[in-house]
Amino acid sequence: MPTRSPRPASVTKLENFYTVKQAAKKLIPVDAEDPSEDNESGERWLRDGVNHKGWPHHRFGRRLMFSDSDLAQIAAMHRNVPTRAGRPRTRKPAHATAA
């Protein structure tokens with residue numbers, strides 16, 4: 001009787017992949033007032049991040065896709081990002097007019 005070959009120890013598990021629309025829904029919280037509303041700005045944010053900032057992604061043919069690990073990296077890059085950088089604004093002193 002032939003023996004089976006042993007299963008390789010390092011079997012790679014395929015990750016879940018998401019379209020831009022699905023990825024935007026996973027990363028950006030839905031509006032509690034209207035959860036059925038599509039968040040097209042989130043899709044644009046993801047596309048711009050990939051095209052201009054080099055965010056992690058995959059391309060299958062012409063289709064832009066995100067894996068679970070890609071979404072985790074994008075979320076980590078934006079964790080606790082300050083809303084404003086630099087020194088706080090100060091008022092300029094009013095100029096005294098010479099009379």
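Tabulated results
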quantity: Of all residues making up the range 61-82, the number that are over 15 Å from residue 43 (Cα atoms), in contact (Cβ under 8 Å) with a residue 12 or more places away in the chain and either open to solvent by 70 Å² or more (accessible area, probe 1.4 Å) or touching a Ser or Thr at 6+ places or on another chain (Cβ under 6 Å) (or both); calculated: 2
quantity: Subset of the range 44-59 that is touching a Ser or Thr at 6+ places or on another chain (Cβ under 9 Å) and open to solvent by 30 Å² or more (accessible area, probe 1.4 Å) - its residue that is farthest from residue 71 (Cα to Cα); calculated: 58
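The values are calculated or read from the model by the stated rules, or taken from the named source; none is laboratory data. No experiment lies behind these values; they were computed from the predicted model shown. Using ideal geometry, Cβ is built from the backbone for each residue, glycine included, and neighbour counts are taken over all protein chains shown. What goes into the accessible areas is simple: the full protein's heavy atoms, side chains included, and nothing from ligands, DNA or RNA. Shrake-Rupley method; radii C 1.70, N 1.55, O 1.52, S 1.80 Å.
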